[in-house]
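First the structure, in the form of structure tokens, and then the observations on it.
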Amino acid sequence: MPVHTVGELLRQWRHRRRLSQLDLAIAADVSARHVSLVETGKSNPSADMVLRLAAQLDVPLRDRNRLLLAAGFAPRYAERPLDDDALSAARDAVARVLRAHEPYPALAFDRRWNIVMTNRAVEPFYADVDPDLLRPPINLVRLGLDPRGFAPLVVNLADVRAVFRSRITRQLALAPDAELTALYEELLEPNSEDASSRSVESDVVIPMILRFHGRELRLFSTITTFGTPMDITLDEVAIESYYPADAESAAYFEEADGI
């Protein structure tokens, strides 16, 4: 893997965000000349300057550490597993959000869509999943689209695949990742057979329609993330909460929970 200078890395992120040097300079409250000198290696930025530019470029915490290392500074952001004692408050907050969403399904996943926590409402859907797909780490994209997973339950599989494709395409545009790219190539490469009958951008919400236990369940979801995290793990955790899209679907989950 080629070694890049901090200036080269910052220029890559600026191009990725489609900003000019002047745009970045104005946002970071520095001169365009200084941005140019940093990018060309004619000026060595301080750690604070690296982080100021990275913040304006919306660089993920993991990559801010790489920028700091390239500039000759120690990483600023720790990466601890979610079960680390230092993250106990955050872990409890995630668990509380998941429990509060019951009787409807909710789960938390990392930047590569590996599930890190679920609530009880998700568990019944695992019943007929191939055990190979349930070996940790359980990947949400693979679970949803693999024929051994949820795919046979999904009535509008092409629409759901199109939503995944759109979300991961945006994610990769914001922060390239080799493993996520491999997942995209494995499960989401467009082809004529799975092309959706409509663009996912044409609707306000695309529901996921499941045929489960003789019922048709229509669900839509929302995503929750931590605000201004200082740990890489928390920066990359998202909570997806599923809501019933109609009264019949709501009734199914309420009945299953005994409400």
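The values are calculated or read from the model by the stated rules, or taken from the named source; none is laboratory data. Keep in mind the model is a prediction, meaning the values are calculated, not measured. Heads up, the Cβs are rebuilt from the backbone with ideal geometry, glycines too, and the neighbour counts pull from every protein chain shown.
Figures for the structure shown
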| quantity | calculated |
| --- | --- |
| Scope the stretch 1-35; condition in a loop (DSSP other than H, G, I, E, B) and surrounded by 14 or more Cβ atoms within 10 Å (Cβ to Cβ); matching residues | 4, 5, 17, 19, 30 |
| Hits in the stretch 49-75 - residues which are farther than 26 Å from residue 170 by Cβ and surrounded by fewer than 16 Cβ atoms within 10 Å (Cβ to Cβ) | 69, 72, 74, 75 |
| So residue 38, is it within 25 Å of residue 173 (Cβ to Cβ) and surrounded by 14 or more Cβ atoms within 10 Å (Cβ to Cβ) | yes |
| The lone exception for residue 77 - which of (1) in the same structural domain as residue 210 (by TED's automatic domain parsing); (2) in contact (Cβ under 8 Å) with a residue 60 or more places away in the chain it fails | (1) |
| Answer from 96, 62, 91 - the residue that is within 30 Å of residue 5 (Cβ to Cβ), within 24 Å of the chain's Cα centre (by Cα) and among the charged types (D, E, K, R) | 62 |
| Strands (runs of 3 or more DSSP E) lying entirely in the stretch 197-259 (those with 1 or more residues that are acidic (Asp, Glu) and at pLDDT 95 or above) | 215-225, 238-244 |
| Test result for residue 170, outside any loop (DSSP other than H, G, I, E, B), among the basic types (Lys, Arg) and either at positive phi or buried (at least 18 other Cβ atoms within 10 Å of the Cβ) (or both) | no |
| One residue from 110, 132 being surrounded by fewer than 19 Cβ atoms within 10 Å (Cβ to Cβ), without any contact (Cβ under 8 Å) to a residue 40 or more places away in the chain and of a type outside the set (Phe, Trp, Tyr) | 132 |
| Helices (runs of 4 or more DSSP H) contained entirely in the stretch 58-162, each with at least 3 residues that are of a type in the set (Ser, Thr, Tyr) | none |
| Output for the stretch 135-170, where each listed residue is in contact (Cβ under 8 Å) with a residue 24 or more places away in the chain and polar (S, T, N, Q) | 139, 156, 166 |
